[in-house]
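First the structure, in the form of structure tokens, and then the observations on it.
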Amino acid sequence: MIDECSQKSSQLLSIEEALGRIKAALCPINETEQVVLKDALGRVLAEAVYSPIHIPQDRNAAMDGYAFISSDRIDGQAFVLEMVGISWAGRPFQSQLQSGQCVRIFTGAVVPEQADSVVMQEMVTVEESAIHFPADTRILQNVRGIGEDVKKGCCLIPEHKQLTAVDMGLLASGGIAQLIVKRKIKIAYFSTGDELIAIGKTLESGQIYDSNRTLLGGLLAEPNYSVIDMGVIADNKQLLQESFIKAAKNADVIITTGGASVGDADYIKEILDNCGTVNFWKIAIKPGKPLAFGKINDCYFFGLPGNPVAVVVTFQQIVAPALRQLSGMQYGKPLRFTATCTSTLKKAPGRQEFQRGVLSQDEDGEFFVASAGQQGSNILSSMSQSNCYIILPKESSGLNAGDSVAVEPFSLSVKEQ
């Protein structure tokens, strides 16, 4: 076995190098299953879906109003048409529309074959069956064409896409009832460490509650993941190796926290040497330098650091893209943009840092970011209070308030100033 991490500690892999090696090593799953549409949210399409119908299948009105024939309008003059019926949504007007006539029509209702224009109801004056149209009435407006959204036979949703609520609405509009999706990835995860105890027990000196498994459980709460919580495994080499081998038989991926450092009780690398392979060991990020990626038989392995913030950062920046690739999704880079930093940030050159920040936007649309507080890899409170990462390049030695900096939001919402 070749250990690519037998390098000097000063020669750390960049995130890009680490992601590149992982990307080259992973093989997306091929197995598929059929699901009904209502169960497809968040699943990854294995096959492109094509529309069996035009969407919409009929010409229909874009608003409530009156449908008429454009040739009945005389340029620059008001005109009057006789209302001869109503086209309701789901109950079309059944007769032939003649010159000099119009029909009352509602949003989504079928436009009579002879009509080519709809005027909104607020534009006209109604006197019983006589509908008065103003001189500035516009023609050839407010009619949705057949297949205006999607033509019959065209692609509704491409393969490899993780389905959103909007995707499901589009599929429903095409009458799609069942889909072929990638099967769920099976992920086993556990924490390692003699110091960890379960929530609900009384802490003794030297013990801490196991927060990392709860963290991972939340980070893995995806519809296309099937997760197995394997609990806490003590710092016992034989027990850890047995747990790894057992998990590898039932999972596609194993994720651990703790034991990925170089201490006397950190056995992950040694165990992988015995029962699998390890691809790299240290990467140039902070927090999260110690990280292992390997394989046990056909099961991929990620050994994350033990500090909780380092768990979040390494999962989001390295593990999550790998899981998306394994799921069959196309790779996409995280959204990043520039904001003005309102805090002075300290940093030593050497590693790319992901500091916790609070991103806001002022009334003019300008973005500002401030430090969320203490940046230690054990400080979860500042992570909870943040809504973005402040990304400092490895060569950076910090920055002053007022400097521009790259940010990566956790979501698409930001704090108002």
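The values are calculated or read from the model by the stated rules, or taken from the named source; none is laboratory data. Bear in mind the structure is a predicted one, so any value in this text is a computation, not a measurement. As a convention, Cβ positions derive from the backbone with ideal geometry for all residues, glycine included, and neighbour counts pool all protein chains shown.
Has region 357-367 got at least one residue that is farther than 29 Å from Ala25 by Cα, of a type in the set (Phe, Trp, Tyr) and out of contact with any Phe, Trp or Tyr (no Cβ under 6 Å at 6 or more places or on another chain)? Yes, region 357-367 contains at least one residue that is farther than 29 Å from Ala25 by Cα, of a type in the set (Phe, Trp, Tyr) and out of contact with any Phe, Trp or Tyr (no Cβ under 6 Å at 6 or more places or on another chain).
One line per residue, one yes/no per condition, for (1) among the polar types (S, T, N, Q); (2) touching a residue at least 12 places away in the same chain (Cβ under 8 Å); (3) assigned by TED's automatic domain parsing to the domain that holds Pro321:
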position: Phe190; (1), (2), (3): no, yes, yes
position: Asn212; (1), (2), (3): yes, yes, yes
position: Val227; (1), (2), (3): no, yes, yes
position: Met230; (1), (2), (3): no, yes, yes
position: Asp235; (1), (2), (3): no, yes, yes
position: Gln238; (1), (2), (3): yes, no, yes
position: Glu242; (1), (2), (3): no, no, yes
position: Ala247; (1), (2), (3): no, yes, yes
position: Gly258; (1), (2), (3): no, yes, yes
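From the residues in region 1-21 that are assigned to a loop (DSSP other than H, G, I, E, B) and among the charged types (D, E, K, R), which one is modelled with the lowest pLDDT? So the residue we want is Asp3.
I want to confirm something. Restricting to region 394-417 and keeping residues that are of a type outside the set (Ser, Thr, Tyr) and in contact with an Asp or Glu (Cβ under 9 Å, 6 or more places away or on another chain), which single residue is modelled with the highest pLDDT?
Restricting attention to region 394-417, the residues satisfying the condition of being of a type outside the set (Ser, Thr, Tyr) are 394-395, 398-403, 405-410, 412, 414-417.
Subsequent filtering for residues that are in contact with an Asp or Glu (Cβ under 9 Å, 6 or more places away or on another chain) retains 394, 416-417.
Working: Lys394: 92, Glu416: 64, Gln417: 63.
Looking at the filtered set, the residue picked out is Lys394.
Residue by residue, here is whether (1) within 17 Å of Ala61 (Cα to Cα); (2) without any contact (Cβ under 8 Å) to a residue 12 or more places away in the chain; (3) out of contact with any Leu (no Cβ under 9 Å at 6 or more places or on another chain); (4) hydroxyl-bearing (Ser, Thr, Tyr) holds:
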position	(1), (2), (3), (4)
Met83	yes, no, yes, no
Ala115	yes, no, no, no
Met123	yes, no, yes, no
Ile131	no, no, no, no
Arg138	yes, no, yes, no
Gly145	yes, no, yes, no
Lys151	no, no, yes, no
Cys154	no, no, yes, no
Leu163	no, no, no, no
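Quick one: which strands (runs of 3 or more DSSP E) sit completely within region 336-417 and have at least 2 residues that are within 26 Å of the chain's Cα centre (by Cα), surrounded by fewer than 19 Cβ atoms within 10 Å (Cβ to Cβ) and on the phi > 0 side of the Ramachandran plot? Walk me through how you get there before you give the answer.
On the way: elements: 337-341, 352-361, 367-371, 388-392, 404-409.
Counting at least 2 such residues, we get no strands (runs of 3 or more DSSP E) at all.
Quick check: anything in region 82-92 part of a loop (DSSP other than H, G, I, E, B) and either surrounded by fewer than 12 Cβ atoms within 10 Å (Cβ to Cβ) or out of contact with any Asp or Glu (no Cβ under 9 Å at 6 or more places or on another chain) (or both)?
Pass one, region 82-92, residues part of a loop (DSSP other than H, G, I, E, B): 89-90, 92.
Filter again for either surrounded by fewer than 12 Cβ atoms within 10 Å (Cβ to Cβ) or out of contact with any Asp or Glu (no Cβ under 9 Å at 6 or more places or on another chain) (or both), leaving 89-90.
Yes, region 82-92 contains at least one residue that is part of a loop (DSSP other than H, G, I, E, B) and either surrounded by fewer than 12 Cβ atoms within 10 Å (Cβ to Cβ) or out of contact with any Asp or Glu (no Cβ under 9 Å at 6 or more places or on another chain) (or both).
Checking region 294-306 against the condition returns no match, with no residue being part of a strand (DSSP E or B), farther than 17 Å from Leu12 by Cβ and assigned by TED's automatic domain parsing to the domain that holds Ala401.
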